[in-house]
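Bear in mind that the values in this text are calculations on the coordinates, not laboratory data. As the structure is a computational prediction, the values presented were derived from the model and not from experiment. Cβ placement follows ideal geometry from the backbone for every residue including glycine, while neighbour counts extend to all protein chains displayed.
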Amino acid sequence: MRTAAALIIGNELLSGKIADENLVVLAGTLRSLGVKLVRAVMVLDELGVIAAEVRALAAAHDYVFTSGGVGPTHDDLTIEGVARAFGVPVVRAPNMERMLREYYGDRITEGHLLMARVPEGARLVAGESAAWPAVVMRNVWMLPGVPQIFRAKQPLIQAELSGGTPFVSLAVFTTLDEGQLKPMLDRVVAAHRDVDIGSYPRWSGADYRTKLTFDGLVEAKVRAARDAFAESLPPDAIVRVE
């Protein structure tokens with residue numbers, strides 16, 4: 001199974017000024033590609049910290065996706081951090097510079113041109129969904145933190161990482177609480193080790209008390225786990241099965 005990690009970067013996130021919207025988008029994209037997001041790290045805009053996290057995550061996962069820190073201001077340190085992680089300099093990408101000059105015209109400044117910086121050896125991944133290409137250094141994708149632009153990059157990831165089997169997700173909704181469900185749930189978890197099983201209670205505003213999810217890459221195994229759990233419940237405790 002291919003694995004991925006996310007590195008979410010920004011003082012504004014850890015100070016509570018802005019809520020992150022990108023992690024859930026990335027997780028959905030990766031699930032559709034059969035890539036399991038197994039780790040997410042959120043850090044401040046600190047060059048040494050970014051470099052250390054990129055180095056560690058890139059060594060331990062098939063893919064790493066960063067969010068934030070790719071603009072032209074003093075706190076945009078992701079490009080330099082990734083370059084430091086791989087021991088390469090930061091250079092100006094000619095294609096990015098050309099695009100910036102065409103876009104800004106006479107208004108172009110040295111500040112704008114900072115957005116043409118990439119780690120030496122990085123490649124640009126372009127597509128119709130995004131006005132600007134994504135910068136990829138080995139297995140690290142450097143994505144913008146602005147949610148609208150982050151979402152526009154997702155088709156680029158889908159095109160590059162296609163070919164995998166998407167995750168299958170099924171569910172059982174029940175009127176029982178987690179304390180009541182635990183004995184049945186433990187038996188199903190023990191018997192279906194290849195399926196990720198989650199339990200999510202709701203306290204109000206829903207027609208069920210607990211939602212159980214069953215996730216995996218092999219549909220037959222996921223369906224078997226879900227059905228085994230549903231069959232262990234009293235019929236009147238099941239709200240619906242999906």
Segment 57-74, residues that are buried (at least 24 other Cβ atoms within 10 Å of the Cβ) and out of contact with any Asp or Glu (no Cβ under 7 Å at 6 or more places or on another chain): Val64, Phe65, Thr66, Ser67, Gly68
Residue within segment 202-222 that is surrounded by fewer than 18 Cβ atoms within 10 Å (Cβ to Cβ), small (Gly, Ala, Ser), touching a strand residue (DSSP E or B) at 6+ places or on another chain (Cβ under 7 Å) and touching a residue at least 40 places away in the same chain (Cβ under 8 Å) present: no
Residue ID - nearest to the chain's Cα centre (by Cα), chosen from residues in segment 2-22 that are surrounded by fewer than 16 Cβ atoms within 10 Å (Cβ to Cβ) and under 15 Å from Val64 (Cα atoms): Thr3
Of the criteria (1) part of a loop (DSSP other than H, G, I, E, B); (2) touching a Pro at 6+ places or on another chain (Cβ under 7 Å), which one His112 fails: (1)
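Table: residues versus (1) surrounded by 14 or more Cβ atoms within 10 Å (Cβ to Cβ); (2) touching a strand residue (DSSP E or B) at 6+ places or on another chain (Cβ under 8 Å); (3) of a type outside the set (Phe, Trp, Tyr); (4) farther than 16 Å from Leu77 by Cα.
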| residue | (1), (2), (3), (4) |
| --- | --- |
| Leu100 | yes, no, yes, yes |
| Tyr103 | no, no, no, yes |
| Asp106 | no, no, yes, yes |
| Leu113 | yes, yes, yes, no |
| Val125 | yes, yes, yes, yes |
| Ala130 | yes, no, yes, yes |
| Met137 | yes, yes, yes, no |
| Val140 | yes, yes, yes, no |
| Pro147 | yes, no, yes, yes |
Within segment 93-125, tally of residues that are more than 21 Å from Ala83 (Cβ to Cβ) and of a type in the set (A, V, I, L, M, F, W, C): 1
Selection within segment 182-201 - touching a residue at least 40 places away in the same chain (Cβ under 8 Å) and closer than 20 Å to Arg240 by Cα: Met184, Leu185, Val188
Positions within segment 23-67 being of a type in the set (Val, Ile, Thr) and over 16 Å from the mean Cα position of the chain (by Cα), in sequence order: Val49, Ile50
Some residue of segment 4-16 being free of Cβ contacts under 8 Å to residues at least 12 places away in the same chain and closer than 25 Å to Leu217 by Cα: no
